[in-house]
Amino acid sequence: MAGLKDGDDYKDGEFFKSPALLKLVCFGVGFGGMLLFFILRFAMPDKAGAMGYSWLFAVIFFLSLAVGGLFWTLLHHATNSGWGTVIRRLMENLATLIPFILVLALPLLISGFGFRDALWEWFPKRAAVLTSANEAAAQEKDAYIAERNAVIARAQGDVEQAKKDLAEVAAPSPGHRAHLEKNIERLEAKAYKLSKEDLSDEGAHATLVDKHFLHDEALLFAKRGYLNETFFWLRQIFYFLVLTAIAFILRGWSVQLDKDGDPKWFRWMRRGSCGFLPFFATAWTFLVFDWLMALDFTWFSTMWGVYLFAGAALNSMGVLIILVTVLRKFGYLKNVVTLEHYHLMGKLMLAFVIFWAYIAFSQFFLIWYANITEETRFYLTRNTGLWNAYTIGFLVVGHFFVPFTILLVQKVKKLPVVISCVAGWNLLMHALDLYWIIIPERGPSLTAHLGEANIAMTIPGAWLFDILALVSVAGIFGFFLLRQLSSASLFPCRDPRLDESLNVVN
Amino acid sequence: MSDSTSSSSELFGYVAEFSSASDLYHAAEKIRDAGFRRWDVHTPYPVHGMDHAMGLGKSWLSAIVLIGGITGSSVALFLQFFTQVSLYPTVVQDKPINVFTLPAFFPVTFELTILLAAFATLFGLLGMITLPRWNHPLFNSSLFSKFSNDGFLMVIESRDPKFKREKTKELLEEIGAGKIEEVNY
């Protein structure tokens, strides 16, 4: 009650000086690791496919943390919250790492690196089926045009014949005449429809290509409007622009508010966020559709977007908690962030542990119960052999029961070191969750090796690439995070809601 | 609530009014330090930190809720497992009739956990605050009705072991109470 903090005392902000050595280590590990990774890639061309999965795993892990930061920023503004103003800058800093990580994903998307076709089978499959369909169409085209022309001629002959029939009947009864006229009408409609067929060379070719495409790869044909290279690249550009723009616009306004204290920035952030949220949700949902769900283009789950979102939001909060704890250890934010903030962040983390479990279980449950062939493949792989133990041990127990039970205790949420350990545990589980999503797809395709004895489900030694990729991207992530942290005050020092946040009690 | 053992008076306690939330807060700290147990404060709006000033510990309600939740999940799991697997094995959709059929029981378990936890919350709370009841002696006080308008009130009940008719009144005056009213049963 007594001794309320006054935001005016904090209006100069607090500036982080990133330790030069730490920054250098992050830089060295990050870019050195990446260099090593790509040298290995070109030294071992036969392992290129396996390494693509490693790089995707590392990139998506850190991307999800950055995207989670963007989500918390947007949510904080959209709900007009006051509690988290003092940690909002950390969320914004996390969000602005998105473009750096997305650039790291470029090798996955550019086919020259040899990752793309191994990761997303629909690229090579589509190319192959289109080639064979085009060849077949070129061969069959002339015969096809002749055949269709004959059909059209026959239909027109039928019309003529029917007209002649009518004329030849001497004195038809009204019923007979109506019947014959109706027949002419029907035959004319059929002939008209047939005459509309595009029987130019290009038209016939396109029809034949579609026919062969549908015959050879029915599922890919059904999804051809979405799974094609042009639209794929348009979508990637959309993700990059949307996520980057939202992150930088919000942080830009927030930093501007630090400088001039003009409350209009605060209003802009609030209103802008409500408009940005649908774009953010669309971008992230379809990004994980394209990058993760499309690892097997025959499989689909409508809960995929929200499943990956739950993991991202949960672990981004974990990163914030760890970040605050480390910064406080080094003497920053000492008077700004209180145990009440820890309590609030801990509660959000508990909520998202439950939310993640709810979504993950619902996704499994619906597919398991319905038992429909085209849906079960994903879980069949992951509930077989060692992956089954992995699922139950890490995802059911490790990702849900352990943090849930610990976070239920109120006291835990007010012990910075303990809650940071729980957050660290959650991050480990999140990594294992993404590993579980991506890596089982790395095993050689069962249909490609049909008839061979002893099909290996895993690639020996490939886990070393996973570790190397994760460490490299971690270094790069850390380097840019340190850079962002030191480029502005650690908290929005002239925000209208600073007082409220400094004195928050829950 | 009965006062049959005490023949001294029909006194329920004192209602004391303070001029602001801040005054009430500091008064509460003093009453807490004086070791009173049966007392409460009433304000028109929640005062952050008042639980600390009053020396209130953690509520038992969360423990009751936990027990309710655990009861709900065990009852649901037991009922389903016992009837569908042990007593009369029922094959649905080619699902196994052993421990691996557990996911099928989760929705009911989840719902019953929440239901019983919610019941435990509601009825536990009602029990702890002894509701419902027909009337309360505090409604005899005209001063007390200010609690929902502009009054920052403290109530000390006569059943508190530390309560002394004269000394407590003096104590209240000492810590800055404005108006003090005696409330009878």
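The values are calculated or read from the model by the stated rules, or taken from the named source; none is laboratory data. Everything quoted here is computed from the prediction, not taken from an experiment. Every residue, glycine as well, gets a Cβ built from its backbone with ideal geometry; the counts of neighbours run over all protein chains shown.
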From the residues in region B:80-96 that are without any contact (Cβ under 8 Å) to a residue 12 or more places away in the chain and in a helix (DSSP H, G or I), which one is nearest to the other protein chains (Cβ to nearest Cβ)?
B:THR83
In region A:287-325, residues that are touching a residue at least 12 places away in the same chain (Cβ under 8 Å) and either under 20 Å from A:ARG126 (Cα atoms) or among the aliphatic types (A, V, I, L, M) (or both) total 27
Is it the case that region A:396-418 has a residue that's over 30 Å from A:VAL505 (Cα atoms), assigned by TED's automatic domain parsing to the domain that holds A:PHE57 and hydrophobic (A, V, I, L, M, F, W, C)?
yes
In region A:260-277, what count of residues is obtained for those that are hydrophobic (A, V, I, L, M, F, W, C) and closer than 15 Å to A:SER81 by Cβ?
4
Please verify whether region A:103-115 includes one or more residues that are touching a Gly at 6+ places or on another chain (Cβ under 6 Å) and in contact (Cβ under 8 Å) with a residue 24 or more places away in the chain.
yes
Take the residues of region B:46-58 that are more than 10 Å from chain A (Cβ to nearest Cβ) and touching a helix residue (DSSP H, G or I) at 6+ places or on another chain (Cβ under 8 Å): which is surrounded by the fewest Cβ atoms within 10 Å (Cβ to Cβ)?
B:GLY55
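Quick grid of which residues meet (1) among the aromatic types (Phe, Trp, Tyr); (2) on the phi < 0 side of the Ramachandran plot:
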position	(1), (2)
B:PRO107	no, yes
B:SER141	no, yes
B:PHE144	yes, yes
B:GLY176	no, no
Subset of region B:97-113, residues more than 11 Å from chain A (Cβ to nearest Cβ) and either touching a Phe, Trp or Tyr at 6+ places or on another chain (Cβ under 8 Å) or not polar (S, T, N, Q) (or both), comes to B:ILE97, B:VAL99, B:VAL108, B:GLU111, B:LEU112
So the check is Cβ under 9 Å with 6+ separation or different chains; which pairs have a first residue in region A:351-367 that's away from every other protein chain (no Cβ under 11 Å) and a second one that's β-branched (Val, Ile, Thr) and not in a helix (DSSP H, G or I)?
A:GLN363/A:THR302
Residue list for region A:303-356, filter: assigned to a helix (DSSP H, G or I), farther than 24 Å from A:VAL397 by Cα and either outside the structural domain of A:GLY478 (by TED's automatic domain parsing) or of a type in the set (D, E, K, R) (or both)
A:ARG328, A:LYS329, A:GLU340
Only residues that are assigned to a helix (DSSP H, G or I) and loosely packed, with under 14 Cβ neighbours inside 10 Å: list them for region A:253-272, please.
A:LYS259, A:ASP260, A:PRO263, A:LYS264, A:ARG267, A:ARG271
